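The values are calculated or read from the model by the stated rules, or taken from the named source; none is laboratory data. The shown structure was predicted, so the numbers you read here are calculated from the model rather than taken from an experiment. Cβ atoms come from the backbone with ideal geometry, glycine included; neighbour counts cover every protein chain shown.
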Amino acid sequence: MALFAATLLSAALAGALVGIVLERMAFRRIRNNNSPVIYYFISSITMGILMENIVTIFASSTFYSYPRFFELTVVNIAHVNIALTDLLMLVFSSVALMILLWVLYRTRIGLAIRALSFDVNTANLMGMDSNRVVMATFIAAGILGGIAGVFLGINYTLYPQMGQLIVKGFIASVIGGLGSITGAMIGAVLLGVLEVTLIGAVGAGLAPVFVFIVMLVFLLVRPRGISGVIVQEKA
């Protein structure tokens, strides 16, 4: 258990450090120049490819695995066998979600994050230090990403291309509603159920194709997602 806790802490700190570097190198200048939103998207893809190749150079494309953290690997609950790592992922993600919601809706930094996401110019006019708020957001995202990476590595293996799984997170956000935490959670559950159902129906090879089709349907029919709302602004 001590080794597992140390691994989680190290991954969280490493994720926070990566978040700081990415914000300063890839996004701050774009934000300060009031560049179009598409620039953020391009910069994100570029940095993702860059980091993936840097890791490949130093660690090669070899598959790695974590040491065995727990003696017990399966938990029996109500005569149902559940992998311990899956149970831990559920617990950690639930706790992280509650903490995130509390920070966003019960703290000053959460209020600042929501204000900045709604209208950057107005937030700056009110005296908000947008650079500090955005940096805090990147640090939080890095911490959560590092912890998620540990669980992914335990369940699967460690390899440079494992970051491509973030595409599923993006699809879940589109289905649930971009900008909505609860919507992303709902979208993730629905996406998981959909994938399992499709794998059983059409096989693992064709399942991703149908998942992307579902995402395209949502973008065409309901682009704001399940939990998204239409916001009207006064001229």
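Of the residues making up segment 1-59, just one is outside any helix (DSSP H, G or I) and touching a residue at least 60 places away in the same chain (Cβ under 8 Å), namely 1. Considering segment 80-97 alone, what residues qualify as being part of a helix (DSSP H, G or I) and either among the aliphatic types (A, V, I, L, M) or surrounded by 15 or more Cβ atoms within 10 Å (Cβ to Cβ) (or both)? Hits for segment 80-97 are 84, 85, 87, 88, 89, 90, 91, 92, 93, 95, 96, 97. Does any residue of segment 98-116 turn out to be outside any helix (DSSP H, G or I) and surrounded by 13 or more Cβ atoms within 10 Å (Cβ to Cβ)? Scanning segment 98-116, I find no residue that is outside any helix (DSSP H, G or I) and surrounded by 13 or more Cβ atoms within 10 Å (Cβ to Cβ), so the answer is no.
Matching residues to (1) modelled with pLDDT under 85; (2) surrounded by fewer than 12 Cβ atoms within 10 Å (Cβ to Cβ); (3) under 29 Å from residue 50 (Cα atoms):
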position: 200; (1), (2), (3): no, yes, no
position: 211; (1), (2), (3): no, no, yes
position: 231; (1), (2), (3): yes, yes, no
position: 235; (1), (2), (3): yes, yes, no
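Yes/no per residue for (1) touching a residue at least 40 places away in the same chain (Cβ under 8 Å); (2) over 27 Å from residue 57 (Cα atoms):
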{"site": "151", "(1), (2)": "yes, no"}
{"site": "157", "(1), (2)": "yes, no"}
{"site": "179", "(1), (2)": "yes, yes"}
{"site": "193", "(1), (2)": "no, yes"}
{"site": "198", "(1), (2)": "no, yes"}
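Evaluating residue 131 against the criteria (1) of a type in the set (S, T, N, Q); (2) within 22 Å of residue 169 (Cα to Cα); (3) in contact (Cβ under 8 Å) with a residue 40 or more places away in the chain leaves one unmet condition, (2).
The rows are residues; the columns are (1) over 15 Å from the mean Cα position of the chain (by Cα); (2) of a type in the set (Asp, Glu); (3) part of a loop (DSSP other than H, G, I, E, B); (4) within 20 Å of residue 100 (Cα to Cα).
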{"residue": "134", "(1), (2), (3), (4)": "yes, no, no, yes"}
{"residue": "139", "(1), (2), (3), (4)": "no, no, no, yes"}
{"residue": "150", "(1), (2), (3), (4)": "no, no, no, yes"}
{"residue": "184", "(1), (2), (3), (4)": "no, no, no, yes"}
{"residue": "193", "(1), (2), (3), (4)": "yes, no, no, no"}
{"residue": "208", "(1), (2), (3), (4)": "yes, no, no, no"}
{"residue": "224", "(1), (2), (3), (4)": "yes, no, yes, no"}
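The set of residues in segment 163-181 that are in a helix (DSSP H, G or I) and more than 13 Å from the chain's Cα centre (by Cα) comprises 175, 176. Summed over segment 50-73, the residues that are among the hydrophobic types (A, V, I, L, M, F, W, C) and exposed (fewer than 11 other Cβ atoms within 10 Å of the Cβ) give a count of 3.
Of everything in segment 98-110, what is closer than 20 Å to residue 184 by Cα and aliphatic (A, V, I, L, M)? Give them in sequence order. Within segment 98-110, 98, 99, 100, 101, 103, 104 qualify. The listed residues are 16, 26, and the only one of them that is within 17 Å of the chain's Cα centre (by Cα) and surrounded by 15 or more Cβ atoms within 10 Å (Cβ to Cβ) turns out to be 16. Please pick out the residue among 14, 78 that is of a type outside the set (Phe, Trp, Tyr) and on the phi > 0 side of the Ramachandran plot. The match here is 78. Screening the candidates 137, 73, 107, 85 for the property of being of a type outside the set (Lys, Arg) and in contact (Cβ under 8 Å) with a residue 40 or more places away in the chain yields one hit, 85.
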